[in-house]
Amino acid sequence: MLLMMPMIMHSRRRLLAGLCGACGIIAAGLLAGCERFRHETYTCPYNAVGLHELIINDDKAGADLTVIEIEDEYSIPIGSITEDQMIASNEEMVLMLNRKTGRLNVTIGNRSVFMTCEKTIFTM
């Protein structure tokens, strides 16, 4: 009986070590999916409408999209947003953005301008 005790203790230690390792892997996977802050920026090339950057901090419909022009900065409510596309509009313009490619369509009145903006994502 005394000879069996070290084997039983050794098996329990291995079992506990395995359980702790598995819990650590699961916890790391869960924490990797947590984003407390996301800042998605689209920097646009020089264009006829003077649009410089679009900033998405909250990717939900109804949240504000920050629009930065050469001499102005303002917010536009996001009408709809998915992983692939975002549409935002106000009284003056409609912005349709492909979030995968950075391709942007800006419509002001009956005039449309197309451009490809560079996407940058910062998360914490």
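The values are calculated or read from the model by the stated rules, or taken from the named source; none is laboratory data. Only a predicted model underlies this, so the values are computations on that prediction, with no experimental measurement involved. Cβ coordinates were reconstructed from backbone atoms using ideal geometry, including for glycine residues, and neighbour counts include every protein chain displayed. What goes into the accessible areas is simple: the full protein's heavy atoms, side chains included, and nothing from ligands, DNA or RNA. Shrake-Rupley method; radii C 1.70, N 1.55, O 1.52, S 1.80 Å.
Data overview
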| read-out | value |
| --- | --- |
| ASN47 long-range amide H proximity, modeled H, under 5 Å | none |
| Of the trypsin sites (Lys or Arg not before Pro) in the range 43-105, those whose Cβ has at most 11 other Cβ within 10 Å and which sit in DSSP loop | LYS60, LYS100 |
| Solvent-accessible area, 1.4 Å probe, carbon plus sulfur percent, for the range 33-124 | 49 |
| Within-9-Å neighbourhood charge of ASP84 [Cβ basis; K, R +1; D, E -1] | +1 |
